[in-house]
Amino acid sequence: MSLIALQNVSVRLGGHMALSHVNLSIEPSEVVTVVGPNGSGKSTLLRTIIGAVRPSVGKITAKPGLRIGYVPQKLALDPTLPMTVARFLSLPIRRTVAEMEAVLETCGLPGLAQRQLSELSGGQFQRALLARALLDKPDLLLLDEATQGLDQPGSATFYRLIEQIRKETGTAVVMVSHELHVVMSTSDRVICLNGHICCEGHPEHVASAPEYRALFGTGTQGALALYRHAHDHSHDGECDHDHPHSHPHGGHA
Amino acid sequence: MFDDFLVRAALAGAGTALAAAPMGCFVVWRRMAYFGDATAHASILGVALSLAFSVPVVWGAAAVALLMASIVSTLSGRGFAMDTLLGVMAHSALAFGLVAVSFIDGVRIDLMAYLFGDILAVTKSDLAFIWGGAAIVLALLALRWQALLTATLNPDLAQAAGFDPRREQLVLTLGLALVVAVAIKVVGVLLIAALLLIPAAAARPFSRTPEGMAGLAAAIGVSAACLGLWASWEFDTPAGPSIVCAAAMAFALASLWRVAARQNGG
């Protein structure tokens with residue numbers, strides 16, 4: 001069965017609909033990437049899956065005993081709170097030294113257990129967040145723009161690590177990312193979100209879908225522009241698609 | 001030995017500091033300094049009400065502190081301009097409390113004792129309440145420690161781990177109200193926030209983990225209580241403020257040490 005299934009889920013946040021009529025199910029071991037412009041409900045989708053926001057309509061069914069590892073978009077560490085990497089890994093469940101050393105090794109942070117979190121670089125910090133999520137041996141790993149603030153090589157390395165972890169542990173991965181060109185080879189499925197699911201399917205399918213073009217066609221983020229220029233040979237002429245649109249949703253691959 | 005008023009005062013100060021310091025760490029980490037202020041200042045209204053209805057002062061103070069803390073913690077999640085709102089609530093609660101006290105006739109009350117504490121007049125039953133309250137606060141924090149820390153770090157991380165961050169907020173709200181009730185006799189409503197914040201702030205530069213900071217803050221708080229009492233005896237100064245002064249000096253020394261260590265370090 002699916003790890004988790006959202007049926008017709010709508011979420012209202014502070015008076016506006018952050019998500020409407022989302023149908024989504026995640027299968028074991030699949031890698032799903034969620035793309036969408038700012039304010040399109042990507043983070044809300046992940047926060048709905050972990051239960052931090054409740055849907056106003058719709059139903060969420062999780063496999064009994066589902067273990068979710070969550071890596072938040074950013075973690076604002078208050079400078080008044082002292083926290084070593086080891087102490088952080090032991091929140092909220094106490095871990096043994098051996099467990100912590102093993103996961104730090106996996107995540108490329110060997111020997112950093114006694115370092116203060118505040119002393120880590122951006123990339124190391126994201127890996128520490130990932131390491132903590134992995135300690136719970138998740139069936140489903142949720143990454144909310146985990147590479148925000150990392151440079152191109154940094155985020156490429158991070159995604160390679162995710163790919164390797166997926167292979168080794170068989171965990172399903174749902175990640176929010178702007179960098180479709182980086183996650184393209186890794187993702188089984190891409191979901192293009194803008195309050196509702198605009199289109200979904202195989203990465204190449206989504207990248208060429210008019211709904212996706214409508215969202216990212218003009219004035220897009222550098223990363224996506226880079227993707228289009230590097231991998232796509234039919235330019236322009238397709239960006240006149242009006243959005244929000246009225247066609248039936250869900251152009252599946 | 002409980003017959004010596006100085007011993008009772010020292011025990012009262014130590015018990016209060018022991019509970020206030022770890023609680024104060026959360027106040028610092030979660031940036032709730034004004035929250036502590038509002039809760040403490042509101043308790044004077046509780047004092048007035050208890051005197052009017054002839055119930056023990058600590059119960060009235062605890063009840064009003066809890067009410068205030070709950071209001072503030074409910075509002076905090078709803079996008080109000082919190083610093084303004086808390087500033088308004090802290091000081092108006094204090095003003096209403098002072099006005100309410102003035103309505104109470106028949107009882108002559110020493111307002112100063114509630115504003116600045118009256119640690120030298122602590123009775124055996126006060127002492128029982130202080131240590132009982134402190135024990136409850138410490139037990140509450142110890143039981144929920146991991147969940148509280150996770151929720152403090154990031155509410156969504158707590159949520160993903162199966163804890164409701166709002167429940168952890170409630171635990172802190174309860175603990176804070178209890179600390180306020182416990183501390184009224186020792187430092188008075190005006191200086192309770194100081195007892196929460198200063199030991200925690202002084203402990204920060206020397207700490208590597210949250211537990212280390214809470215433990216060190218407790219040690220600094222207890223030392224400040226003893227030192228303040230001694231100073232009060234030696235120089236004939238008011239006891240509550242003397243305790244806060246001692247803690248403030250510890251903070252100043254800690255800050256100096258931090259600056260010096262930074263310069264040496266590079």
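Please specify each residue of region B:185-220 satisfying the condition of being in contact with a Leu (Cβ under 7 Å, 6 or more places away or on another chain) and either more than 10 Å from chain A (Cβ to nearest Cβ) or surrounded by fewer than 23 Cβ atoms within 10 Å (Cβ to Cβ) (or both).
Those that are in contact with a Leu (Cβ under 7 Å, 6 or more places away or on another chain) and either more than 10 Å from chain A (Cβ to nearest Cβ) or surrounded by fewer than 23 Cβ atoms within 10 Å (Cβ to Cβ) (or both): B:187, B:188, B:189, B:190, B:206, B:207, B:218.
Please verify whether region A:39-58 includes one or more residues that are out of contact with any Pro (no Cβ under 6 Å at 6 or more places or on another chain), within 22 Å of residue B:167 (Cα to Cα) and away from chain B (no Cβ under 14 Å).
yes
Check every one of the helices (runs of 4 or more DSSP H) wholly within region A:1-108 and list those with 1 or more residues that are open to solvent by 60 Å² or more (accessible area, probe 1.4 Å).
The qualifying helices (runs of 4 or more DSSP H) are A:42-50, A:97-106.
What tally of residues in region A:163-178 results from selecting those that are free of Cβ contacts under 8 Å to residues at least 60 places away in the same chain and buried (at least 22 other Cβ atoms within 10 Å of the Cβ)?
0
Give the residue, chosen from A:91, A:81, A:134, A:104, that is at the interface with chain B (Cβ under 9 Å from one of its Cβ atoms) and touching a residue at least 12 places away in the same chain (Cβ under 8 Å).
None of the others qualify; the one that does is A:91.
The conditions are (1) surrounded by fewer than 19 Cβ atoms within 10 Å (Cβ to Cβ); (2) in a helix (DSSP H, G or I), and residue A:214 fails exactly one of them. Which is it?
It fails just one condition, (1).
Among the residues of region B:95-132, write down those that are of a type in the set (Phe, Trp, Tyr), under 18 Å from the mean Cα position of the chain (by Cα) and closer than 21 Å to residue B:38 by Cβ.
Matches in region B:95-132: B:114, B:116.
Quick one: in region B:1-36, of everything that is more than 23 Å from residue B:232 (Cβ to Cβ) and open to solvent by 40 Å² or more (accessible area, probe 1.4 Å), which residue is nearest to the chain's Cα centre (by Cα)?
Just the residues of region B:1-36 that are more than 23 Å from residue B:232 (Cβ to Cβ), to begin with: B:22-23, B:25-36.
When the remaining residues are screened for being open to solvent by 40 Å² or more (accessible area, probe 1.4 Å), the result is B:30-31, B:33-34.
Values: B:30: 15, B:31: 14, B:33: 10, B:34: 12 Å.
Within region B:1-36, the match that is nearest to the chain's Cα centre (by Cα) is B:33.
Does region B:148-162 include one or more residues that are within 14 Å of chain A (Cβ to nearest Cβ), assigned to a helix (DSSP H, G or I), in contact (Cβ under 8 Å) with a residue 40 or more places away in the chain and within 14 Å of the chain's Cα centre (by Cα)?
No, because not a single residue in region B:148-162 is within 14 Å of chain A (Cβ to nearest Cβ), assigned to a helix (DSSP H, G or I), in contact (Cβ under 8 Å) with a residue 40 or more places away in the chain and within 14 Å of the chain's Cα centre (by Cα).
From A:148, A:114, A:124, which residue is open to solvent by 30 Å² or more (accessible area, probe 1.4 Å), in a loop (DSSP other than H, G, I, E, B) and either closer than 23 Å to residue B:166 by Cα or more than 13 Å from chain B (Cβ to nearest Cβ) (or both)?
The unique qualifying residue is A:148.
The values are calculated or read from the model by the stated rules, or taken from the named source; none is laboratory data. It should be emphasised that the depicted structure is a prediction, and the values quoted were computed from it without experimental measurement. Reconstructed Cβ throughout: ideal geometry from the backbone, glycine too, with neighbour counts over all protein chains shown. Accessible surface areas use protein heavy atoms only, side chains included; no ligands, DNA or RNA. Shrake-Rupley method; radii C 1.70, N 1.55, O 1.52, S 1.80 Å.
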